[in-house]
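Coordinate-derived values only; no laboratory data. This is a predicted model, so every value here is computed, not measured. Neighbour counts run over all protein chains shown; Cβ positions are idealised from the backbone, glycine included.
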Amino acid sequence: MFQKTGPLSVLHAFIDASRWRVSPENDAPARTGMISLYVLETGGCEGCAMEVESLCGSAFALERYGFRRVADPADADWLLVTGAMSRACVQMLDRVWKAMPPGKSLVAVGACAIDGGLFGAGYATLGGLKALTQVRKTIPGCPPSAQDILSGMQRLAGR
Ligand code: SF4
């Protein structure tokens, strides 16, 4: 658990990093069915989060592309993270990840989620998800547009 705050939180993040590494079990092959997405904003300027919201709106008809957004991480295949990894959100991220079923994947959307982007490691943030774990699924940009995110998800899904 990421129980500590302050400087120790970084240490605890690294101690727990092994649980976040993508295991062979989680390295699922490309799916052909519907992929369920749980979206989590963890910091940053929320530009990426707004693009994800746009993508999930009616303009894109996301389900026609084989993706759907879910409100419960227990129903999710992919965890889409936007924003820098703020210290305040580490425990929330941990809870969401634990609640997801086996076969789950972590997807970093935008520069901040990948490596911190404009928000380097400091008193308020750890940087990006790379500070916690190996991130295999990334969609770069600052911000990636809604279309970029959709194209990136299709690429990651092998479609
Ligand atoms: S990557 Fe750019 S747009 Fe996205 S949260 Fe960071 S600063 Fe904002």
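Here are the numbers:
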quantity: Dipole in debye (nearest 20) - region 42-143, about Cα centre, beta carbon charges: Lys, Arg +1; Asp, Glu -1; calculated: 260 debye
quantity: Distance between region 102-133 and region 49-92 - C-alpha centres, whole angstrom; calculated: 15 Å
quantity: Dimensions (Å) - region 37-159, Cα atoms, principal axes, largest first; calculated: 42, 29, 23
quantity: Protection proxy ranking of 70-82, 133-145, 49-61 - average other beta-carbon atoms within 10 Å, highest first; calculated: 70-82, 133-145, 49-61
